[in-house]
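Written below as structure tokens is the structure these notes are about.
The values are calculated or read from the model by the stated rules, or taken from the named source; none is laboratory data. The shown structure was predicted, so the numbers you read here are calculated from the model rather than taken from an experiment. Neighbour counts are summed over all protein chains in view; Cβ atoms, including those assigned to glycine, are modelled from backbone coordinates with ideal geometry. Protein only, heavy atoms only, side chains kept; ligands, DNA and RNA dropped before computing areas. Shrake-Rupley method; radii C 1.70, N 1.55, O 1.52, S 1.80 Å.
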Amino acid sequence: MKELMKGNEAIAEAAVRGGCRAFFGYPITPQNEIPEYMSWRLFEVGGTYVQAESEVAAINMVYGAAGAGARAMTSSSSPGISLKQEGISYICGARLPCVIVNMVRGGPGLGGIQPAQSDYFQATKGGGHGDYHLLVYGPSSVQECVDIMYNAFDVSDKYRVPVMILGDGMLGQIMEPVELPEFKDLSKLPRKPWATYGDNKGKDRQIVNSLLIEPDVLEAHCHLLEDTYKEIAKNETAFENYLCDDAEVVITAYGTVARIAKSAVNILREQGKKVGLLRPITLYPFPNDEFARVAKQDCVKTFVCTELSLGQMIEDVKLATGMIKPVKFFGRTGGNVMSPEDIVEYVNKEVY
Amino acid sequence: MAIVYKKSNMLTDVPFHYCPGCTHGIAHKLVAEVLEEIGAEGNVVGVAPVGCAVFAYNYFNCDMQEASHGRAPAVATGIKRVLPDRIVFAYQGDGDLASIGMAEIIHAATRGEKITVIFINNAIYGMTGGQMAPTTLEGQKATTCIYGRNPEVNGHPIKVCELLSTLTGPSYIARGALCDAASVRKAKTMIRTAFQNQIDKKGFSFVELLSACPTNWGMNPEQALSYVKNEMQDLYPLGVFKEVK
Ligand SMILES: Cc1ncc(C[n+]2csc(CCOP(=O)(O)OP(=O)(O)O)c2C)c(N)n1
Ligand code: SF4
């Protein structure tokens, strides 16, 4: 049975059903419904919740809980995610699985509270210090938020790489009917051999750590991380190709913007124009192969990258396509959102 | 032959990296002995700081996590919340705890997290080479106050036990010193009480240990111990500041 749920609350419930038993957060608009929901919900399922003193503390609580073997998560929005970056870097260094949700708002600085996609660089290129990446998803509907969140802990556990869900204020606030999955049976999950459960009875003690003071050891560790990212790219890369097979114009967009772009594609198709949408679902790893393949199609004349920023994902689009076809850009920023008609107008004016 | 003294099982065989005359080693020994004596072996998760004790995870013979600078109380909170039956402790220096990590220690304390924090106050940043700490004494020299700490410019030292004992969450707040055999014995009693409070689920427990950093104080070990005894204790009086019975 489908339920009508707000994006933020749907993410929270999907996290609980996917096994989240520890949440650490700090209030910031537009993601407050997630910690609010978790603050009562987790205690119903034997979990724990702390309203931390800051985002810095929250991410370090995630470090502790994830290091102790629990399925732990945090959520925030742009300024708060900036504060978490040191902690995220430590989590990646120590190879701890966890989930981080960023309901992006406009920046820089305190910026605004309206939807934006201006944290793409931060999310996909590292964000904190060091050679690392997160597995970053950019869902575009409440149902997709639920589906991704529900499996995020499994994926994160598998690779020992944190998952980031990159949404925006609109996705967090929108209400849509969703199908909620069954609870995962946590008793079936294997023990994490690297976790500090504190019950070692003097044998095989575990150390959760990111300090590797010998350059050779640290270099080897970074290569291990790199190999993991390659494995993730091979297995987890996800995208949606909508009507690109005969397209002359390929619009690229992720998240909320992809919904708007899809409407624009439908309008343009009604006008008899061959336009398609290529939507990355994983932002890191970026679907490079699919973008390269579509770029090589003879019918494709140009790409139009649409974003709620001044152009961040466009760099990956250019890299992936090798710019063998021109890549144009249409974006709004600062919390302003384009309409499907805006995209239609841009395409008609700049391409046709 | 009867064994009259042996190293605690709660310490590994890895040799300490601490400087000669450093009291970090004594603090480690006391914590390890207490954990063993209260029967905590095989039931402990510790958190190491960023500071000279960063390698504490190599020394304590239990599961360990290494936290980022100042965040050990947050990390310990995360651990204790998901493993409430474990004994969880954090071990921190004064730069770590009283400067960059001030928010984390105050909030872990006020939440009454059932963890134990061991706080090494050596009035200096040891690991980074002797810069001023929040606890550096007025007039005490450091590489970032070469003529001695001047409150006009550098502010005043922070008394952490006094600060934390104003809160409701802590169940035990005490300050000991590691400067002679008698004070070391008293410090051990404090550490034992702190861990016992955690076992009894009374709330947050905290022991500050006045410590020597001969290397960055520019003293020999003996001078350093007498600085702890004669200078530090004036500003940082020893005793129990709060105890919930
Ligand atoms: C975010 C961050 N800032 C600064 C440092 C550098 N740093 C490492 S240890 C330290 C001070 C440690 O002093 P203290 O906590 O007093 O411990 P001690 O070495 O004296 O035992 C600093 C500033 C760091 N590692 N991380
Ligand atoms: S620098 Fe100071 S605190 Fe650090 S190990 Fe040496 S004596 Fe101890």
I'd like the full set of residues that are over 17 Å from residue A:65 (Cα atoms), open to solvent by less than 20 Å² (accessible area, probe 1.4 Å) and within 11 Å of another protein chain (Cβ to nearest Cβ), limited to the range B:76-108. B:101, B:105
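Having 2 or more residues that are among the charged types (D, E, K, R), away from chain B (no Cβ under 14 Å) and open to solvent by 30 Å² or more (accessible area, probe 1.4 Å) is the bar; report the helices (runs of 4 or more DSSP H) wholly within the range A:1-81 that clear it.
Details: elements: A:7-17, A:33-44, A:55-67.
Because the criterion is at least 2 residues that are among the charged types (D, E, K, R), away from chain B (no Cβ under 14 Å) and open to solvent by 30 Å² or more (accessible area, probe 1.4 Å), the helices (runs of 4 or more DSSP H) in the range A:1-81 that meet it are A:7-17, A:33-44.
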Which numbered condition trips up residue B:144, out of (1) out of contact with any Pro (no Cβ under 9 Å at 6 or more places or on another chain); (2) of a type outside the set (Lys, Arg); (3) within 14 Å of another protein chain (Cβ to nearest Cβ); (4) more than 17 Å from residue A:90 (Cβ to Cβ)? (3)
Checking residue B:85 against (1) out of contact with any strand residue (DSSP E or B) (no Cβ under 8 Å at 6 or more places or on another chain); (2) more than 16 Å from ligand 2 (Cβ to nearest atom); (3) in a helix (DSSP H, G or I), which single condition isn't satisfied? (3)
Which condition from (1) open to solvent by less than 70 Å² (accessible area, probe 1.4 Å); (2) more than 14 Å from every other protein chain (Cβ to nearest Cβ); (3) at pLDDT 95 or above is the one that residue A:169 breaks? (3)
Go through (1) within 19 Å of the chain's Cα centre (by Cα); (2) closer than 22 Å to residue B:102 by Cα; (3) at the interface with chain A (Cβ under 7 Å from one of its Cβ atoms) for residue B:55 and report which single condition fails. (3)
In the range B:58-75, the residues that are in a helix (DSSP H, G or I), in contact with a strand residue (DSSP E or B) (Cβ under 7 Å, 6 or more places away or on another chain) and either on the phi > 0 side of the Ramachandran plot or at the interface with chain A (Cβ under 7 Å from one of its Cβ atoms) (or both): B:75
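If we keep just the residues of the range B:8-23 that are within 14 Å of chain A (Cβ to nearest Cβ) and either farther than 18 Å from residue B:194 by Cα or open to solvent by 60 Å² or more (accessible area, probe 1.4 Å) (or both), which is nearest to ligand 2 (Cβ to nearest atom)?
Only one residue fits best here, namely B:17.
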Quick one: in the range A:131-153, of everything that is in a loop (DSSP other than H, G, I, E, B) and touching a Leu at 6+ places or on another chain (Cβ under 9 Å), which residue is farthest from residue A:212 (Cα to Cα)? A:141
Whether any residue in the range A:304-318 is more than 22 Å from residue A:107 (Cα to Cα) and either at pLDDT below 95 or buried (at least 20 other Cβ atoms within 10 Å of the Cβ) (or both) is what I want to check. yes
Only one of these conditions is not met by residue B:133: (1) open to solvent by less than 10 Å² (accessible area, probe 1.4 Å); (2) within 16 Å of ligand 1 (Cβ to nearest atom); (3) within 18 Å of residue B:31 (Cβ to Cβ). Which number is it? (3)
Is there a residue being within 22 Å of residue B:100 (Cβ to Cβ) and open to solvent by less than 50 Å² (accessible area, probe 1.4 Å) anywhere in the range B:219-229? no
Evaluate the range A:102-119: report whether one residue or more is more than 16 Å from ligand 2 (Cβ to nearest atom), touching a Cys at 6+ places or on another chain (Cβ under 8 Å), of a type in the set (A, V, I, L, M) and not in a loop (DSSP other than H, G, I, E, B). no
Looking across the range B:95-143 at residues that are charged (D, E, K, R) and not in a loop (DSSP other than H, G, I, E, B), the single one that is nearest to ligand 2 (Cβ to nearest atom) is B:96
Among the residues of the range B:24-32, are any within 12 Å of ligand 2 (Cβ to nearest atom), in a loop (DSSP other than H, G, I, E, B), buried (at least 24 other Cβ atoms within 10 Å of the Cβ) and not aliphatic (A, V, I, L, M)? no
Can residue A:200 be described as open to solvent by less than 40 Å² (accessible area, probe 1.4 Å), within 9 Å of another protein chain (Cβ to nearest Cβ) and over 28 Å from the mean Cα position of the chain (by Cα)? yes
Tally of residues being more than 15 Å from ligand 1 (Cβ to nearest atom) and either among the polar types (S, T, N, Q) or open to solvent by 10 Å² or more (accessible area, probe 1.4 Å) (or both) across the range B:35-57: 6
